[in-house]
């Protein structure tokens, strides 16, 4: 539970996102981070504005908590998994993060 995890928990709290009482994994598990991104995307959609604080939160979260490691993770899943489902999920994850990162300023390299 280093600084990155504490920052993730702070961002979750600020956005009104909480982990279920039965959740026993780390708060920065990819499943949780993607659920958090889903929440931020929903909030942005509900705001109906071209730019909203929800979009800013998405951009920061992608830049700080996904771009640094997701590409390596997705590559490993694709290389090591024998399951077409997980290989496809890794591809979708990479594409989602790439698309999100590409819309931001300040993210020079996607890999």
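The values are calculated or read from the model by the stated rules, or taken from the named source; none is laboratory data. Here the structure is a predicted model, which means the values were calculated and not measured. As a convention, Cβ positions derive from the backbone with ideal geometry for all residues, glycine included, and neighbour counts pool all protein chains shown.
A compact table of results
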read-out	value
Condition check for residue 65: under 14 Å from residue 96 (Cβ atoms), surrounded by fewer than 13 Cβ atoms within 10 Å (Cβ to Cβ) and under 13 Å from the mean Cα position of the chain (by Cα)	no
Residue match in the range 39-49 (condition: in a loop (DSSP other than H, G, I, E, B), over 17 Å from residue 101 (Cβ atoms) and over 11 Å from the mean Cα position of the chain (by Cα))	yes
Filter result for residue 11 (closer than 17 Å to residue 103 by Cβ, at pLDDT 90 or above and surrounded by 12 or more Cβ atoms within 10 Å (Cβ to Cβ))	no
Search result, residues across the range 77-95 that are in a helix (DSSP H, G or I) and without any contact (Cβ under 8 Å) to a residue 12 or more places away in the chain	79, 80, 84, 85, 86, 87, 88, 92, 95
Number of the condition not met by residue 33 [criteria: (1) surrounded by fewer than 18 Cβ atoms within 10 Å (Cβ to Cβ); (2) modelled with pLDDT of 95 or more]	(1)
Hey, residue 20 more than 10 Å from the chain's Cα centre (by Cα) and either modelled with pLDDT under 90 or within 26 Å of residue 98 (Cβ to Cβ) (or both) or not	yes
